[in-house]
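The values are calculated or read from the model by the stated rules, or taken from the named source; none is laboratory data. What you see is a predicted model, and the numbers here were worked out from it, not measured in a lab. Neighbour counts run over all protein chains shown; Cβ positions are idealised from the backbone, glycine included. The area values use the complete protein model at the heavy-atom level, side chains included, leaving out ligands, DNA and RNA. Shrake-Rupley method; radii C 1.70, N 1.55, O 1.52, S 1.80 Å.
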Amino acid sequence: MMNRTLSRKLLGSMCGISNPRLSFAQSAVNTVQREKELIKSRELEKDEPRPLYMDFQATTPMDPRVLDAMLPYQVNYYGNPHSRTHAYGWESESAMEKARKQVADLIGADPREIVFTSGATESNNMSIKGVARFYKAKKKHIVTTQTEHKCVLDSCRIMEAEGFDVTYLPVKNNGLIDLKQLEETIRPDTSLVSIMTVNNEIGVKQPIKEIGHLCRSKNVFFHTDAAQAVGKIPINVNDWKVDLMSISGHKLYGPKGIGALYLRRRPRIRIEPLQSGGGQERGLRSGTVPTPLAVGLGAACEIAQQELEYDHKHVTVLANRLVQKIMAAIPDVVLNGDPDQRYPGCVNLSFAYVEGESLLMALKDVALSSGSACTSASLEPSYVLRAIGTDEDLAHSSIRFGIGRFTTEDEVDYTVEKCVQQVKRLREMSPLWEMVQEGIDIKSIKWTQH
Amino acid sequence: MAASSREHVLSLYRLLLKESKKFPSYNYRTYALRRVRDAFRENRTVEDPKVVEELVKRARDGLALIQRQKWSSIIPTIGLRQVKLPACTASVSGVHRCVCVRVCCSVCGGVC
C-alpha cells in the first residue's frame, strides 16, 4: 500500500498533473476534451432574449397545426393502437392508419409500404443492415458516398466488420456524385446503393431519378436518406425508382422521435428486422407505434404537401436575399456546394480568413451551426466539406444558415447585418487578412522552418 | 349564399388576423399573419361557389385552430423574450393585448 501511494505520487510529479491517479495518456485526452468545448453550453438567464433560430437543418419547430392534431391523442385518445378489443385501441389504430396514408401520399407510395420508426437514424440502420443481411447469401457489396449522414456511414462500417465490401464513392467539387463512376462501381454482387437526396450540411440535391433508373437497370436496391428532402421538394418514389426511403419527423415541422421507412412492395424488397418483438408493423419493426407522434408526422406530411410550393418560394426568396446581401457586402465568401442543384434553404458559406467557431460565438444572437449537429462537438472540420475538396482553412470557417417556413425577412436582414459586421471585425484582427490586403499570397508562405 | 358573402369573408379575414396577432411566439405570429394574408390574396378571384364554400370552411377551421393553439403556446412561453429586430417599430401597440404582458411587450410583432 505504501509503495503504491509512493509510486502514484512519483508518477504525478513526473507528469506535472495534480491528480496522481490519471495516467499520462488519459490526462492528454482530458486537455483535448477541455479545449474542444470552445462554445460553452449555458442556460439562458432569466430575462435574456432568445436567439433567432436559423438552424432549420438541425431540427424544425413544430407547426401549430401539427400540435393541434397531436394533442387529442396525448390527452384523451390514449389507447394502444394494437389493442384489438376496445374502442380506445380501435380509434388509436384508425388514427395511425390515417397518418400512414398521409405520409404515403406525400411521397407517392401506398400506405402498406410505410413502416413507422423512431426516426431517420433507425430507418437508415434498418435499411442498410436489414437489406445487407437478408441478401448476404449471394450479395456482398454495398455502395454509398462520402458525404452521407453519420448513421449511414457507421452502419456501413458495421457491415464491413461483418464481412461485407463497402465502397465509399467520392463526390465532385460541387458535391454531386459522378454517375459514370457509380455505374462502374456497381458489381454483380452489389445488394444496395445508398445515396442521400439532399445533404444536411451543404444542401446539395443529388440526381436521384437518374441514380434510381441506373440501379433498377442493374437490379440493385436503391436506398435514399430523404430526411432533409421530404416535404421540401416534390418526391415520387415511383418516378424516381426508389426502393427504400428514410423520413424524419422533426425535419418537416413534425414531432421529434418519429420517422418512417418506405419499403417498396412491387418489386418486393425484404429486410431482416432489427428490432424483434410482438410483430407490429408487419414484423419489420416491433414495438408499440406512438400514436400521438405518428398522428403528428401524418399531419406534418399533409401540411407539407399543401404548403410545398408556397414554402419553396418563400425559402428561395429569403435564401437568395441572404446570399446576395452577404456577398455584396464582404469579399472572399464561398458558397459550398453546387449553386443550382441544391435545396435553397440550406446555405453553407465559408468566410475566408475568419475562424468559424469565433464567428459563431460572435453571432450569439443567432442560432447557427458550422457543419452538422452530430459533428459539431469535435474540433475536426466537417467530413462533408473535406469530401467536396474545400481547403482546410475554408473548411474551418464555414457556417450553415438554415432557412425554413417560419423565417422572416427581418430575421434574415438582421442575420446578414450582424454577420457582415462580425466578419469585418474579425478580419480586422486577423494577421492573415492584413497579409492578403498587402498582396501576399498566403499559399506561397512556408509556415514551418523545419 | 349568405355564409360566403363578401362581408362574411372579410370579417373572417379580419378575425383571423386579429387572432394571429395574439401568438406569443414571434415565428408563429409572423407566419400566421403572412400565411393568412397570402392565402386570402391568392384566392381573391375564385368564383366557383363550391370552391368558395370549401375555402371558407377551411378558414373557419383555421380560426378555431389559432384560437386553441395560441393558448397552448402561451403557457410554456412565460418569460420568453426574443431578440429585438431593428426593422420592427410596433413593439408596444394596442394589438399586443394578451395575458402575459411580460411576454409580448418586448417582442416585436410582424404587423402587416
Based on DSSP loop calls and a cut-off of at most 13 other Cβ atoms within 10 Å, the longest stretch of chain A free of exposed GluC sites (Glu not before Pro) is what? A:163-450
Note: chain A, point scatterers on Cα, Debye, no solvent; log10 I/I(0) at q = 0.07, 0.09, 0.14 Å⁻¹ equals -0.43, -0.68, -1.31
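Which entries of A:K150/A:K205; A:K140/A:K232; A:K101/A:K209 have Cα-Cα distances beyond 27 Å here?
Beyond 27 Å between Cα atoms: A:K140/A:K232.
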Using a 1.4 angstrom probe on the protein heavy atoms only, line up B:L65, A:L252 by accessible area, largest first. B:L65, A:L252
Unit Cα scatterers, Debye sum, segment A:45-180: log10 I(q)/I(0) for q = 0.09, 0.19 Å⁻¹: -0.49, -1.18
How long are the semi-axes of the ellipsoid equivalent to segment A:40-89, from square roots of 5 times the Cα gyration tensor eigenvalues, in whole Å, largest first? 37, 13, 12
For segment A:309-450, just the Cα atoms, rotate onto the principal axes and tell me the three extents in Å, largest first. 58, 29, 28
In units of 2.2 N^0.38 Å, what is the alpha-carbon radius of gyration of segment A:93-155? 1.37
The rounded separation in angstrom of the Cα centers of segment A:84-141 and segment A:393-450 is 44 Å
Mean separation of Cα pairs under 8 Å and 6+ residues apart, divided by the residue count of chain A: what relative contact order is that in percent? 20 percent
How far is helix A:24-36 tilted, in degrees, relative to the longest principal axis of the Cα atoms in chain A, given as a value from 0 to 90 rounded to the nearest 10? 80 degrees
So which lysines can A:K418 reach, going by Cα to Cα under 26 Å and dropping same-chain residues fewer than 8 places off? A:K36, A:K40, A:K46, A:K313, A:K325, A:K364, B:K84
Within segment A:387-450, DSSP-loop chymotrypsin sites (Phe, Trp or Tyr not before Pro) with at most 15 other C-beta atoms within 10 Å are A:W447
Over segment A:98-158, what relative contact order in percent results from Cα pairs under 8 Å that are six or more residues apart? 27 percent
Would you compute, for the Cα atoms of segment A:193-233, the largest minus smallest coordinate along each principal axis and list the three values in descending order, in whole Å? 30, 18, 13
Could you state the orientation-averaged shadow area of the convex hull built on the Cα atoms of segment A:167-267, in nm² to one decimal? 6.9 nm²
Expressed as an acute angle from 0 to 90° and rounded to the nearest 10, what is the orientation of the C-alpha long axis of helix A:87-107 relative to the principal long axis of chain A? 60 degrees
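Once the convex hull of the C-alpha atoms of segment A:237-281 is built, how many Å³ does it hold per residue, rounded to a whole number?
Value for segment A:237-281: 99 Å³ per residue.
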Tell me, what are the semi-axes, in whole angstrom and largest first, of the equivalent ellipsoid of segment A:325-375 as set by the roots of 5 times the Cα gyration tensor eigenvalues? 19, 16, 11
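From the mean inverse distance of alpha carbon pairs (Kirkwood) and the Cα radius of gyration, derive Rg over Rh for segment A:212-310. Could you put the intermediate results ahead of the total?
Values: Rg = 14.6 Å, Rh = 14.7 Å.
Radius of gyration over Kirkwood radius for segment A:212-310 works out to 0.99.
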Label points 7 Å out from Cα along the Cβ direction at A:E355 and A:T85: separation in nm? 6.5 nm
